[in-house]
1. If I filter segment 334-346 for residues that are at negative phi, assigned to a loop (DSSP other than H, G, I, E, B), buried (at least 18 other Cβ atoms within 10 Å of the Cβ) and touching a residue at least 12 places away in the same chain (Cβ under 8 Å), do I get at least one hit?
2. Let me spell it out: the conditions are (1) buried (at least 16 other Cβ atoms within 10 Å of the Cβ); (2) at pLDDT below 50; (3) over 21 Å from the mean Cα position of the chain (by Cα), and VAL24 meets all of them except one. Which number is the exception?
3. Looking for whichever is out of contact with any Pro (no Cβ under 7 Å at 6 or more places or on another chain), under 22 Å from ARG215 (Cα atoms) and of a type in the set (Gly, Ala, Ser) here; the options are ALA93, ALA100, ALA82. Which one fits?
4. Out of segment 165-203, which residues are β-branched (Val, Ile, Thr), touching a residue at least 60 places away in the same chain (Cβ under 8 Å) and closer than 24 Å to HIS129 by Cα?
5. Assess whether ALA550 counts as being assigned to a helix (DSSP H, G or I) and among the aliphatic types (A, V, I, L, M).
6. With respect to the numbered conditions (1) modelled with pLDDT of 95 or more; (2) in contact with an Asp or Glu (Cβ under 8 Å, 6 or more places away or on another chain), which one is the sole condition not fulfilled by ALA397?
7. Could you pull out the residue among ALA164, ALA174, ALA127 that is crowded, with 18+ Cβ neighbours inside 10 Å, assigned to a helix (DSSP H, G or I) and either at pLDDT below 95 or touching a helix residue (DSSP H, G or I) at 6+ places or on another chain (Cβ under 9 Å) (or both)?
8. Can you tell me which residue is farthest from THR548 (Cα to Cα) among those in segment 377-403 that are crowded, with 19+ Cβ neighbours inside 10 Å and in contact with a Pro (Cβ under 6 Å, 6 or more places away or on another chain)?
Amino acid sequence: MDAEAVPAQDWHGTAPFAAGRAAVERAAAFDEGSPMTTPSASRTGGRILVDQLVAQGVEHVFCVPGESYLAVLDALHDAPIALTVCRQEGGAAMMADASARLTGRPGVAMVTRGPGATNAAHGVHIAQHDSVPLILFVGQVERGMRGRGAFQEMDYGAFFGSVAKWVVEIDDAARIPELVSRAFHVAMQGRPGPVVIALPEDMLTDTAAVPDAPRVEPVLAWPGLTQMAALQKLLWAAERPVLVLGGSGWSEKARAATARFVERFDLPVATSFRRAGLFDADHPNYAGEIGIGPNPKLKARIAEADLVILTGRMSEMPSQSYTLFDVPVPRQRLVHVHPAADEIGRVYQPALGIQASPQTFAAALESVQPPSALPWSAGTRAARAEYLEWSGQPAPAPGPVDMATIVRSLNAMLPADAVVANGAGNYAIWVGRFFRFRGLTAQLAPTSGSMGYGLPAAVAAKRLHPERSVVAFAGDGCFLMNGQEFATAVHYGLGIVVIVVDNAMYGTIRMHQERDYPARVSGTALTNPDFAAYARAFGGHGETVEATAAFPAAFERAVASGKPAILHVKVDPEAITPTLTLAGIRARSRS
């Protein structure tokens, strides 16, 4: 059984497909015709599956164990793969998603059948919207029991069909190398996204003699010479161009090549919603992020541009609910770059469509030459000044805690290669506006607006990169969506710092509630635990912050502890955004 599904959105993967030592050794063994890679060696389905992961260079697997795939767990016992055991399947899938963003290769999660699969669907949906190459392995009932409503049986093609690029159930152990290889191709090529593979329990204990498949490298679309010539012509005719960077499949090399292009043309650069890592915030051409609650001057600059070069998608959030560009024909000349042909023209009809990955497009930009005069340079300087003003200190916030000052302080306290993760909620507005992301993998955040992402993403980041500083932001509602994964951080000794922003409510919903139904509060109030005590109960470090000035020292103590830490930051409920209060929204709505 397999079912095709819709493709997914934009991930900002990095490391350009670098093989780990284990993958190199496996490839060498394959070339030498070792017993494990030749048809003469009989292996269980579980062993064959794990050997395929090693052959593909997988170094980390995130899971919640289940009896439906015990044969795979047994094979992992002897494999050169780090296994991270999570506390809930949604957290495992989100960790795999974050792993993919950090490595540029598909993240791998394993969960059991039925409720394990439905829990993991949360992470699959994020990967679909964010175009993250994720492979989810799900246990399944024995083949002879299918169709009878067996214990925890599910039709995975029907369940995941609308959120995965491909769903397949493997009935024959001999086909595992073929289908896992295909899964890696599907996950990485075109618009990256999630693949779901169902594993019948008895298939995993069958034996077969079959060679491993070779390591998969994605086939990347390259722009044509005529397209790049057309791009140069459009740039030479422009007076107010803007470059908007988004999308997935980026590498450090592509990011550097794009920066060189920007410098030659002196272009103003915006990053799309939660893609801030694609361009250094300290670069003199950076103009900010176009997302939720953007700088009004940046929004106007893009709206009034005569040429917009866009990589990736311009979905609802960055497009300001599809108002920034006219649909289907934008008033600006639009150059749309995307690796999937069916994404170009899907919403906006561009003046020039270029089917290319970020890596190949960036490489082709080296040949595009600037005109002798750059009439937009003054506009670029103005865009930078507007960003610096916007990301500076706003008006004082209500209450004793000012989140703008706290976030801005982290710019100096964290190294340039730090990873900052978050889920969804109004607290994230301060992170997006005031934190200056420097590196390609500095930001782990879902464009899908999914709560509960920040903590699992931080766990994955520290698991993969123990040498890097990792900070997660979460609202009080957001944190408890996956707060149990703090136990995972403690179990593996991962010194992350989680900043829980507590305003005792589901703040985003309350904000909209006051706008549409002023003073009629319903379903948004929260009663919270002592989050600092929560951290200590698990064996981590916990402190409560109730004043802005207390934050820097508390943060330093959290880092120095070497333990997973929670800083419980209590904010005034009135401080709903950097510029709005609940009372102000209510009064405006009533008027």
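The values are calculated or read from the model by the stated rules, or taken from the named source; none is laboratory data. As the structure is a computational prediction, the values presented were derived from the model and not from experiment. We place every Cβ from the backbone using ideal geometry, glycine too, and count neighbours over all the protein chains shown.
1. So the first thing to find is which residues in segment 334-346 are at negative phi, and the list is 334-344, 346.
With the extra rule that they be assigned to a loop (DSSP other than H, G, I, E, B), the set shrinks to 339-340, 344, 346.
Still in the list and also buried (at least 18 other Cβ atoms within 10 Å of the Cβ): 339-340, 344.
Adding the requirement that they be touching a residue at least 12 places away in the same chain (Cβ under 8 Å) leaves 339-340.
Scanning segment 334-346 turns up at least one residue that is at negative phi, assigned to a loop (DSSP other than H, G, I, E, B), buried (at least 18 other Cβ atoms within 10 Å of the Cβ) and touching a residue at least 12 places away in the same chain (Cβ under 8 Å).
2. VAL24 satisfies every listed condition except (1).
3. ALA82
4. Of everything in segment 165-203, those that are β-branched (Val, Ile, Thr), touching a residue at least 60 places away in the same chain (Cβ under 8 Å) and closer than 24 Å to HIS129 by Cα turn out to be VAL167, VAL168, VAL180, VAL195, VAL196, ILE197.
5. So ALA550 passes the test.
6. Condition not satisfied by ALA397: (1).
7. ALA127 is the lone residue from the list that is crowded, with 18+ Cβ neighbours inside 10 Å, assigned to a helix (DSSP H, G or I) and either at pLDDT below 95 or touching a helix residue (DSSP H, G or I) at 6+ places or on another chain (Cβ under 9 Å) (or both).
8. If we take residues in segment 377-403 being crowded, with 19+ Cβ neighbours inside 10 Å and in contact with a Pro (Cβ under 6 Å, 6 or more places away or on another chain), then THR380 is farthest from THR548 (Cα to Cα).
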